[in-house]
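The values are calculated or read from the model by the stated rules, or taken from the named source; none is laboratory data. What you see is a predicted model, and the numbers here were worked out from it, not measured in a lab. Cβ sites come from the backbone with ideal geometry, for glycine too, and all protein chains shown count toward neighbours.
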Amino acid sequence: MRHVVDAVAVAPGRRAWSTSWVDFVELTKPRLTALVVVVAVAGAWIAAPGAVHLALLLHLAAGIGLVVGGANALNMVIERDLDARMERTRNRPLPAGRIGAAGAACFGIAAAAVGAAWLVWATTPAAAVVAVTSFALYVCVYTPLKRTTTLNTQVGAISGALPAVIGWAAVRGTVEVHGWLLFAILYLWQIPHFLAIAWMYREDYRRGGFCMLPRMDASGAATARQAVVAALVLLPVSLVPTSAGLAGPLYFVAAAALGAFYLHAALRFWRASEQRDAAARSLMRVSLFYLPLLLLFLLADAGSL
């Protein structure tokens, strides 16, 4: 915790305390954590539309937020040497020296442990088990794999798709096939999203030592091709909730339109050999519109199992 104390000493009083507090919040990657919380809450609502108590949703949000925030903090601890080499991450609390590794690790472990216990106490043991599984995959498998194999993207997508299952299990008390359908949609959505980001920041990732696909793919053709395959498979999979009784015709039409738009953006990324950077950025932006809109239509047109 020495670096935290040093940071406080620079600017005394309340302002310094606030700065150190903000650094700990930054360890949780708050925007990513917020997205995960939204997905988990959406999964809970879809599991029992109109029948989920607000208190349960709040407990779910708090528990999963702590588990995910703790996982993100430990990810930063493990990758602090790599983050120091990259332009977009060198000012994070650990590589910048504002927080020590031991303090950040204790914070991450404590947050995750409290979050898991919260889920057991306030939701269901099944939700806690899935949350801990996601935590272990992210910290113990995905994070180390980023240094060694391009398959880290596929592994990371598993962890990233499990929050929908956590939400489902928090309501149902078990993981059912419909919950895994939500998992499949989230998993496939992440592949083009991650690959677009990997291409956009390929030089930064190379400096950091991360083994992302663009590092082995100078032209970007293989990276873009994988994005197209995932978007192509996602389109029919995203329509299944209607036939499975999770949603109605409004969702079906919206999912078809959104899926076609997402696939079009992936195809542009594949075909734009000379302007691939711009096409990757466009794909990333489309992905950020696709997911919240798909979830909104699914929530608005949710069926009742």
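Anything in region 48-64 that is surrounded by fewer than 24 Cβ atoms within 10 Å (Cβ to Cβ) and either aliphatic (A, V, I, L, M) or in a helix (DSSP H, G or I) (or both)? List them, or say none.
Initially, region 48-64 is screened for residues surrounded by fewer than 24 Cβ atoms within 10 Å (Cβ to Cβ), giving 48-59, 61-62.
Once the filter is applied, which keeps residues that are surrounded by fewer than 24 Cβ atoms within 10 Å (Cβ to Cβ) and either aliphatic (A, V, I, L, M) or in a helix (DSSP H, G or I) (or both), region 48-64 yields ALA48, ALA51, VAL52, LEU54, ALA55, LEU56, LEU57, LEU58, HIS59, ALA61, ALA62.
Suppose the filter is within 24 Å of VAL38 (Cβ to Cβ) and over 19 Å from the mean Cα position of the chain (by Cα); does THR174 pass it? First the steps, then the outcome.
Working: within 24 Å of VAL38 (Cβ to Cβ): yes; over 19 Å from the mean Cα position of the chain (by Cα): yes.
The answer is yes for THR174.
Restricting to region 122-141, name every residue that is surrounded by fewer than 23 Cβ atoms within 10 Å (Cβ to Cβ) and without any contact (Cβ under 8 Å) to a residue 60 or more places away in the chain. Scanning region 122-141 gives THR124, PRO125, ALA126, VAL129, THR133, ALA136, LEU137, CYS140, VAL141.
Here's the yes/no breakdown for (1) closer than 18 Å to VAL39 by Cα; (2) in the same structural domain as ASP81 (by TED's automatic domain parsing):
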| position | (1), (2) |
| --- | --- |
| VAL165 | yes, yes |
| MET200 | no, no |
| MET212 | no, no |
| THR223 | no, no |
| ALA231 | no, no |
| LEU234 | yes, no |
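Of the helices (runs of 4 or more DSSP H) lying entirely inside region 208-305, those carrying at least 3 residues that are touching a Phe, Trp or Tyr at 6+ places or on another chain (Cβ under 6 Å) are 221-237, 249-271, 276-300.
Of THR89, THR143, THR150, all but one fail to be closer than 18 Å to TYR205 by Cβ, part of a helix (DSSP H, G or I), assigned by TED's automatic domain parsing to the domain that holds ALA44 and under 21 Å from the mean Cα position of the chain (by Cα); the exception is THR143.
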